[in-house]
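Please read the structure below before turning to the comments.
The values are calculated or read from the model by the stated rules, or taken from the named source; none is laboratory data. For clarity, every value in this text was computed on a predicted model and none was experimentally measured. Backbone-built Cβ (ideal geometry, glycine too); neighbour counts: all protein chains shown. Ligands, DNA and RNA are stripped out before the accessible areas are found, and what is left, the full protein with its side chains, is counted by its heavy atoms. Shrake-Rupley method; radii C 1.70, N 1.55, O 1.52, S 1.80 Å.
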Amino acid sequence: MNATRTVAVYSLGGTIAMTADPATAGVAPALSARDLLAAVPGLEGHGIELRVHDVRRVPGAWLTFDDLTELGAAIDAALAAGGVDGIVITQGTDTIEETAFALDLRHGHEQPVVVTGAMRNPTMPGPDGPANLHAAVLTAADPRLRGAGVVVVLNDEIHAARHVRKSHTTSPAAFTSPGAGPLGRIAENRVRLTSALPRRPAALAPPRRRDVRVGLYTVGLGDDGELLAAWEGRCDGLVVAAFGVGHVPLRLVEGLERFSARVPVVLSSRIGNGPVLTGTYGYPGSEKDLIGRGLVPAGDLGPYRARLLLHGLLAHGADRELIAATFAGHAY
Ligand code: ASP
């Protein structure tokens, strides 16, 4: 069949690309992008030309901000050159929700970027990698995904980068979009969109600094604030994963106020589903109190996403005003 659509595939490694390693008696990344595509039955029958790029062969947990900057630049160049209708990235599922969101923040093209991986490695019964890659290629080639930004496809479901969570450690149905649901599904080789594409704020400017460090501090019952001090002087910004709608123990309040006088501190919720509030509770350590002391509310962004947005903003030199305005622009 003559190719009518073109999809560029970039492989980074992960379980989808793992085989048995006799040295460790465990599995480790080994397969190339070409190997992965060769394991997908029927792919050649869809009239999609595939351009294949091996970028890394690493576990998801090894990926770095530099890896993403390099990958983002390669994708930008391929899309700017023309002739590519969509992008597929294969990688370890451990970091998919973060890489997808980080890439989405900077993606300024109409063509969709589809991130996929596998929960079951190729040595297991019923590995899901080939089916996920098949569904990802069909999604990337579908013109209705134009403008969708970065999406994640596993288990025949399409999830927006802004909502997707890895919500189970082993299930092939691990990827969900709590509070939003998937954008669509793939069945009988056809993409079926069931929701409107997400609203996407303007793309972030490219990073100018590589040495940005954003801390993540999760509060817990009875926290005495001692460990918050460990972050002081060691980060350019901090995200607090607070209780509920944005609350912290009383003993953290003064430390957080001092912290936010020096670097931006973003208030998010450790629940990871739903917004932090801004004006409901009125006691020390409540969301209203902390925002009054200078913390920036993260809106609906959970702590992992808030950390990535703050990192992206600090990496191109944003000041507090721009940081607060950008978080507000991401809120529903
Ligand atoms: N540990 C693996 C990784 O992220 C898990 C996976 O790919 O599913 O590389």
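Of note:
- Summing +1 for each Lys or Arg and -1 for each Asp or Glu among the other residues whose beta-carbon sits under 15 angstrom from that of PRO249 gives -4.
- Relative packing of peptides 267-277, 135-145, 172-182 - highest average C-beta neighbours within 10 Å first: 135-145, 267-277, 172-182
- By accessible area, using a 1.4 Å probe on protein heavy atoms only, the chain has 53% of its surface on carbon and sulfur.
- More than 23 angstrom apart: percent of Cα pairs within segment 1-104: 31 percent
- Bridge orientation summary for the chain: considering DSSP beta bridges with both residues in this region, about 35 percent are antiparallel.
- Helices meeting the span-like rule in the chain (full DSSP H runs, Cα extent of at least 30 Å along the helix axis, mean Kyte-Doolittle score of 0.5 or higher) are absent.
- Rounded to the nearest 500, the 222 nm mean residue ellipticity of the chain from helices alone is -8000 deg cm²/dmol, with -39,500 (n - 2.57) taken per DSSP H run of at least 4 residues.
- Highest-first packing order for the peptide set 82-88, 158-164 is 158-164, 82-88, based on the mean count of other beta carbon atoms within 10 Å.
- Options LEU250, LEU193, HIS46, ranked by Cα towards positive dipole end of the chain, top entry (Cβ charges): LEU193
- Accessible area (Å², per residue) of segment 189-307, counting only protein heavy atoms and a probe of 1.4 Å: 52 Å²
- Here the dipole of segment 94-160 is about 180 debye; that uses its Cα centre as origin and unit charges on the Cβ of Lys and Arg (positive) and Asp and Glu (negative).
- Translational D in µm²/s for the chain (Stokes-Einstein at 4 °C, 1.567 mPa s, Kirkwood Rh from C-alpha pairs): 63 µm²/s
- In Å², nearest 10: area of VAL55 left accessible to a 1.4 Å probe: 40 Å²
- With only the Cα atoms considered, segment 7-52 has a convex hull volume of 68 Å³ per residue.
- Shape category assigned to segment 128-170 from the gyration tensor of Cα positions, a/c cut at 1.5: oblate
- Qualifying GluC sites (Glu not before Pro) in segment 200-254, where qualification requires a DSSP coil assignment and no more than 14 other C-beta atoms within 10 Å, comprise GLU226, GLU232.
- Structure remark: mean-square fluctuation, Gaussian network model of the chain, C-alpha springs under 10 Å; the largest value among GLY72, GLY14, GLY246 belongs to GLY72.
- Short-range pairs are left out: with C-alpha atoms under 8 Å and at least six residues apart, the relative contact order of segment 235-274 is 63 percent.
- In segment 1-117, Cα pairs under 8 Å separated by at least six residues give a relative contact order of 35 percent.
- Summed residue charge, Cβ within 11 Å of ARG5's Cβ, Lys/Arg positive, Asp/Glu negative: -3
- Taking a ≥ b ≥ c as the square roots of the Cα gyration tensor eigenvalues, segment 200-332 comes out oblate, since a/c reaches at least 1.5 and a/b does not exceed b/c.
- For segment 172-306, the relative contact order is 19 percent, taking Cα pairs closer than 8 Å that sit 6 or more residues apart in sequence and dividing their mean separation by the residue count.
- Rounded, prolate or oblate (a/c below 1.5 giving rounded, otherwise prolate when a/b exceeds b/c) for segment 90-228 by Cα gyration tensor: oblate
- Accessible area (Å², per residue) of segment 33-140, counting only protein heavy atoms and a probe of 1.4 Å: 39 Å²
- In the distance distribution for segment 182-276, Cα-Cα pairs more than 22 Å apart total 49 percent.
- Kirkwood-Stokes translational diffusion coefficient of segment 26-172, alpha-carbon pairs, 20 °C, 1.002 mPa s, µm²/s: 139 µm²/s
- Distance from the alpha carbon centroid of segment 243-274 to that of segment 1-64 works out to 40 angstrom.
- Counting only Cβ charges, +1 for Lys and Arg and -1 for Asp and Glu, the dipole size of the chain around its Cα centre is about 400 debye.
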